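Only the coordinates and a few stated rules stand behind these numbers; no lab work does. Keep in mind that this is a model prediction, so the values were computed, not measured. Every residue, glycine among them, receives a Cβ derived from its backbone with ideal geometry; neighbour counts consider all protein chains shown.
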Amino acid sequence: MRDSLWRTSAVPAPRLGDTLTTHEVVDTPYVPSTRMRLAGAALHAYTATGTVFAFLLVVAAFEGEVKRALWLALAALVIDGTDGFLARYLRVSETIPSFDGARLDDIVDYLTYAFAPMVLLWTTGRLPAGGIGITLAVLPLLASSYQFCRTDAKTADHFFLGFPSYWNVVAFYVYVLDLGKVVTAVILIVCAVLVFVPIRYVYPSRTKVYRGLNIALTALWLVTYAVLLTELSDPHQGVVALSFLYLVYYAGMSLYLTLVLPRLPAKRLSQDAIAADLDD
């Protein structure tokens with residue numbers, strides 16, 4: 001039961017016509033139990049394992065083990081896709097207020113989404129040799145460094161602002177589609193530029209619009225990722241097409257919502273709507 005995990009005090013029910021404030025529709029601060037503190041610490045440790053996968057991915061890259069590296073990248077994706085939900089469920093920001101879980105998440109994401117994938121592309125010869133190749137590898141790292149330090153990189157209504165540094169996804173398709181160096185270079189440059197373009201990209205697990213559909217399709221895409229890895233040398237074209245369709249959907253939905261959402265009328269928040277938004 002929720003009350004067995006933390007203590008709350010009752011909030012008087014609002015009267016008809018009263019103006020509601022945030023503090024009137026949410027639980028008052030709670031005193032976390034030892035169980036909750038341990039759960040929060042375990043959740044932070046779970047998030048931190050992403051750094052281990054990043055290290056192992058780099059090791060695999062230098063050893064030329066592309067398939068192993070991409071499996072590690074998938075494991076990091078699964079961790080990143082689940083730790084946020086668990087953190088909100090366990091209310092770790094309140095349970096362990098002295099620890100910045102969001103900063104830890106950004107560190108892990110930078111290593112697994114940006115740094116390690118660029119090492120993989122460089123060490124396995126997917127970029128031009130010499131200074132041009134180094135520049136192409138560094139460009140996404142610089143763009144992502146900027147993005148990860150933006151205070152509005154994740155908007156209040158749960159979108160990513162600018163290309164969300166999915167360099168791990170780029171690297172995955174470079175190998176699945178066996179893209180050449182020129183095509184890879186063009187993709188890296190275009191995506192680096194898109195970091196600075198204010199398109200609002202869907203945050204699959206948090207963007208409220210079509211969230212159920214977004215989560216379901218993202219889960220299906222992760223399945224196609226795993227299937228394609230099992231047959232990396234000769235991927236099934238039907239699975240490749242299904243996987244690629246998700247990218248088309250994701251980009252199209254992000255562009256559509258960027259253009260449409262600002263024009264929607266402002267919603268009048270009820271007591272339940274405010275509380276649900278804060279709990280989300």
| Residue in the stretch 86-112 that is nearest to the chain's Cα centre (by Cα), counting only those that are within 21 Å of Ser33 (Cβ to Cβ) and aromatic (Phe, Trp, Tyr) | Tyr89
| Which one of these is out of contact with any Asp or Glu (no Cβ under 7 Å at 6 or more places or on another chain) and surrounded by fewer than 20 Cβ atoms within 10 Å (Cβ to Cβ): Val202, Val174, Val182? | Val182
| note | Taking the stretch 148-183 and keeping residues within 19 Å of the chain's Cα centre (by Cα) and within 18 Å of Val119 (Cα to Cα) leaves Ser165, Tyr166, Trp167, Asn168, Val169, Val170, Ala171, Phe172, Tyr173
| field | Tally, over the stretch 119-161, of residues that are part of a helix (DSSP H, G or I) and in contact with a Ser or Thr (Cβ under 9 Å, 6 or more places away or on another chain) | value | 7
| Any idea which of Val186, Val209 is over 11 Å from the mean Cα position of the chain (by Cα), β-branched (Val, Ile, Thr) and either in a loop (DSSP other than H, G, I, E, B) or more than 24 Å from Ala69 (Cα to Cα) (or both)? | Val209
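Mind listing just one residue for me: the one in the stretch 206-218 that is of a type in the set (Ser, Thr, Tyr) and closer than 14 Å to Asp157 by Cβ and, of those, surrounded by the fewest Cβ atoms within 10 Å (Cβ to Cβ)?
Residues of the stretch 206-218 that are of a type in the set (Ser, Thr, Tyr), as a first pass: 207, 210, 218.
Within this subset, residues satisfying the condition of being closer than 14 Å to Asp157 by Cβ are 207, 210.
Working: Thr207: 22, Tyr210: 15.
Looking at residues that are of a type in the set (Ser, Thr, Tyr) and closer than 14 Å to Asp157 by Cβ, I get Tyr210.
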